[in-house]
Amino acid sequence: MPLSLCLALLTGGAALRQIDRIHFARHRPQAANAARLIALQRARANDLTPLLLLAGQWIQITCWWMLAAHGPLLAALAAAAVAVHFRHLQEISHAAVHGVLARTARANQLLAEVFAHRPLALAPLPIRRSRHVRDHHPNATGDRDPNLAELRQAGLQPGVTGPVFAAAVIYPLTPRGIRTTIAGLAANLRGPGAWHRTAALAALCAAAYAAGGWPALLCGLLIPRLLLYPQLAWMSLLVEHTWFDADLRTGTPAQVEAGRCLRLYPHNRALAVLASTTWLPYGDLRHYAHSAHPGLRWNYLPALENHLAPPHFTPDGLLIGTTTVTRRHHQALNAPTAQATHPVTV
């Protein structure tokens with residue numbers, strides 16, 4: 001396909017995605033409490049604009065598959081771009097997990113499964129909902145939090161050494177992390193409905209090959225799904241909470257979450273925009289506001305965040321900066337109290 005047509009379709013897919021954003025932006029205040037924002041969200045809820053949003057994502061992914069066939073440089077660019085799109089699909093389906101992507105429960109389930117969970121071989125939506133809504137949200141940063149268990153499995157244990165900590169930061173790119181990703185994919189393809197989940201993944205591979213041949217299959221699907229997208233999702237997990245030194249509080253949900261959440265890039269608008277369009281999309285940059293009120297769609301998290309007092313940790317970077325997330329995690333894991341309370345497991 002000519003490059004000009006690929007670029008035109010890429011632009012069209014991006015435009016299609018904006019319909020959902022524009023629809024939910026109408027009459028949105030700069031700052032408001034959760035009750036007011038939820039009322040506005042319910043008034044805007046529908047099943048069409050989320051469908052267009054997801055369709056736009058896949059149109060753009062297909063265009064990147066086509067572009068991957070036009071040389072090594074575009075193939076490499078396609079690998080990065082498709083990984084970002086997969087990350088976007090994960091966060092869009094996260095809204096469906098909370099029942100706020102579309103208007104009806106059936107539409108939330110259907111859209112998330114058809115456009116994200118089945119093609120990407122993610123766990124069935126009910127399993128993800130149980131793990132995330134029941135197990136993670138009430139127990140964030142605690143011993144019952146499955147996300148904290150993942151971090152510990154990657155090597156983020158009390159007393160962790162510098163090399164082990166560095167490897168844990170890029171865990172999905174390490175041999176052990178790659179094996180974990182593949183094992184997770186295999187597990188998601190087993191159990192009830194395994195045949196149509198496997199068929200969906202096979203159809204996705206066939207579609208990528210049809211669009212751009214082997215470059216599209218390798219750089220536009222396998223590398224993003226097995227390496228790049230898992231790393232982007234892992235970086236997102238690292239910046240959700242002060243996992244290892246939460247300031248445990250009581251009070252309102254916002255007060256509780258202010259003690260165990262963080263807010264990245266609060267004073268750097270350029271980096272915040274870059275993060276929110278790539279590895280922290282659809283409200284994930286504002287995880288603190290989401291944790292305080294999980295039933296709020298991403299469109300309204302900025303207004304809620306402006307209404308809330310800031311969380312107790314507002315770093316200026318993940319790896320680089322004067323106050324970084326990784327530095328705090330490493331210091332917390334090597335604090336004497338951490339090693340005494342949580343001895344290293346082997």
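Since every read-out is calculated from the coordinates, none of them should be taken as a lab result. Given the structure is predicted, the values throughout are model-derived calculations rather than measurements. Glycine gets a Cβ as well: all are built from the backbone with ideal geometry, and neighbour counts include every protein chain shown.
Between ARG269 and VAL133, what length in nm is gained on full extension when 0.36 nm per residue of separation is reduced by their alpha carbon distance? Please report the intermediate quantities before stating the final value.
Numbers: separation 136, 0.36 × 136 = 48.96 nm, distance 3.03 nm.
That works out to 45.9 nm of additional length.
Work out, step by step, the length gained on full extension between LEU52 and ARG179: first 0.36 nm times the residue separation, then minus their alpha carbon distance; give nm to one decimal.
Here the segment from LEU52 to ARG179 would lengthen by 42.3 nm.
What is the sum of charges around ASP247, taking Lys and Arg as +1, Asp and Glu as -1, for the other residues whose C-beta is under 13 Å from the C-beta of ASP247?
Within the 13 Å Cβ shell, the charges total +1.
Residues in segment 44-77, backbone N under 19 Å from the label point at ALA15 (7 Å along the Cα-to-beta-carbon vector): list them, ranges by number please.
49-64
With +1 on the Cβ of every Lys and Arg and -1 on the Cβ of every Asp and Glu, and nothing else charged, how large is the dipole of the chain about its Cα centre, in debye rounded to the nearest 20?
580
How high is the relative contact order of segment 3-246, in percent, with contacts defined as C-alpha pairs under 8 Å that are six or more residues apart?
Computed value for segment 3-246: 24 percent relative contact order.
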